[in-house]
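Structure first, then comments.
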Amino acid sequence: MERPAASEVAGAPTAPADGPVPLTAPRDGTPAPVATVDALAEVVDRFAAGTGPVAVDAERASGYRYSQRAYLVQLRRAGAGTALIDPLPLPDLAALDAAIADTEWVLHAASQDLPCLADLGLRPRRLFDTELAARLAGFERVGLAALTEALLGFSLEKHHSAADWSTRPLPESWLTYAALDVELLTDLRDVLATELRRQGKWDWAAEEFAALVTWGSQPPKVRAEPWRRTSGIHRVRGARAQARVRALWYARDEIAARRDSAPGRVLPDAAIVAAAELDPRDERALLALSGFNGRSVRRLARIWLDALATARELPDDALPVTPVLDGPPPPHRWAERDPVAAARLARCREVVVRTATAHTLPPENLIAPDSIRRLAWTPPEDLDEESVAATLRGFGARAWQVSLIVAELTTALRAPQG
């Protein structure tokens, strides 16, 4: 199956001969942010009376703030228009959630926004993810702007996507940008839904969307030892040096949480790694390191030095230990540790790539790479399709995914004859 060309997508409008039309303003104008209980009540009434799916988006302040909360929520629905909601001064959005509970929500890259929407009490019961739909339909470029241009003939500018949305008041140009993010979302949904049905993939998409709804309704998992995700930590050798990373990471995290500032703005990861490697013992040595020369970082020098001293004084039995892997080792170590498993993994990966190509799917959307690794490292004792299917379902694979690959995977897991 070949990737769909935008000009061949059923239901897509014909692109203008002179290129896409720049979309610079919402058709109904840019609404003022809703920031009072009375204004919210009016929006709730409008959206409850609207028809069809509701487009939903949220803006965070990633890279600026400690939390991942939503600082603006955008919605659009036929018959209701567009609403921009400032959640900061509002007590809750429960009435809004109830007003749109029975309709399908349309989001782009839903997994990015569902957690912060849930924090506000907004949880879809049904959804359509335009990014995921585009992946399943075989499009190479799945960003909102790329899809809107290719399928609807309008170009969107994305120059405010990384803005500090905690800013108040929000500039008018930012509000226009936010409103445009939901302006054409339901139109895009309709074109993609038609294309998925044309390709025979609608049922696959429905399973994926239902899984997203379930995922979004669950509380976020607390990551064990989050300090181990410090960028560049692979260069830090030895338990004592890793203890320095840990001490600096938690010292930074406490300050970042108190200030509601992104941790990287308090102290860059690179500075933590540099200090962990060299273990400076006084302020002069600390401030000579890259990343510690900013004024705000210098003011906290005593805190960084105290964290390093704490790590230095830890008894050996309090140092970090290598975590027990939950699952197989990294694939690059398989050939040495278990050549038979490495060969199984290679055969399974070949099945996934071949099947994904045949159905014009990204391999990672056909099946999660981690599921294939786990299956190849520890296959079921009874190597038949039923046991392999049960194993995949246990890893979270959906029925459509299992049906496409279980037969060939079962063959790939068996040792080659002869």
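The values are calculated or read from the model by the stated rules, or taken from the named source; none is laboratory data. Everything quoted here is computed from the prediction, not taken from an experiment. With ideal geometry, Cβ positions are generated from the backbone for all residues, glycine too; neighbour counts draw on all protein chains shown. Heavy atoms of the whole protein, side chains included, go into the accessibility calculation; ligands, DNA and RNA do not. Shrake-Rupley method; radii C 1.70, N 1.55, O 1.52, S 1.80 Å.
From the residues in the stretch 175-194 that are in contact with a helix residue (DSSP H, G or I) (Cβ under 8 Å, 6 or more places away or on another chain) and buried (at least 21 other Cβ atoms within 10 Å of the Cβ), which one is farthest from A133 (Cα to Cα)? Here the residue is D181. Remark: pairs (first residue in the stretch 181-197, over 25 Å from H159 (Cα atoms) and in contact (Cβ under 8 Å) with a residue 60 or more places away in the chain; second residue part of a helix (DSSP H, G or I) and among the aromatic types (F, W, Y); Cβ separation under 7 Å; 6+ apart in sequence or on different chains) = L196/W202.
Checking the structure you have, find out if any residue of the stretch 356-363 is within 30 Å of A134 (Cβ to Cβ), among the β-branched types (V, I, T), open to solvent by 60 Å² or more (accessible area, probe 1.4 Å) and modelled with pLDDT of 95 or more. Yes: one or more hits. For the structure I just gave you, tell me whether G200 is at pLDDT 95 or above, surrounded by 13 or more Cβ atoms within 10 Å (Cβ to Cβ) and part of a loop (DSSP other than H, G, I, E, B). Judged against the criteria, G200 is not a match.
One residue stands out among those in the stretch 220-240 that are part of a helix (DSSP H, G or I) and more than 23 Å from the chain's Cα centre (by Cα): the one that is surrounded by the fewest Cβ atoms within 10 Å (Cβ to Cβ), which is H234. On the stretch given as the stretch 374-418, residues that are open to solvent by 40 Å² or more (accessible area, probe 1.4 Å), of a type in the set (A, V, I, L, M) and under 25 Å from the mean Cα position of the chain (by Cα) total 1.
Within the stretch 102-111, being assigned to a helix (DSSP H, G or I) and crowded, with 17+ Cβ neighbours inside 10 Å holds for one residue alone: A110. For the stretch 48-101, the tally of residues that are part of a helix (DSSP H, G or I) and either of a type in the set (A, V, I, L, M) or crowded, with 21+ Cβ neighbours inside 10 Å (or both) stands at 7. Flag not set for A288, criterion: open to solvent by 40 Å² or more (accessible area, probe 1.4 Å), under 30 Å from A137 (Cβ atoms) and not hydroxyl-bearing (S, T, Y). Condition check: part of a loop (DSSP other than H, G, I, E, B), open to solvent by 40 Å² or more (accessible area, probe 1.4 Å) and under 18 Å from T310 (Cα atoms). Does R281 satisfy that? Yes, satisfied. Only residues that are without any contact (Cβ under 8 Å) to a residue 40 or more places away in the chain, under 21 Å from N293 (Cβ atoms) and part of a helix (DSSP H, G or I) were counted across the stretch 241-276, and they come to 9.
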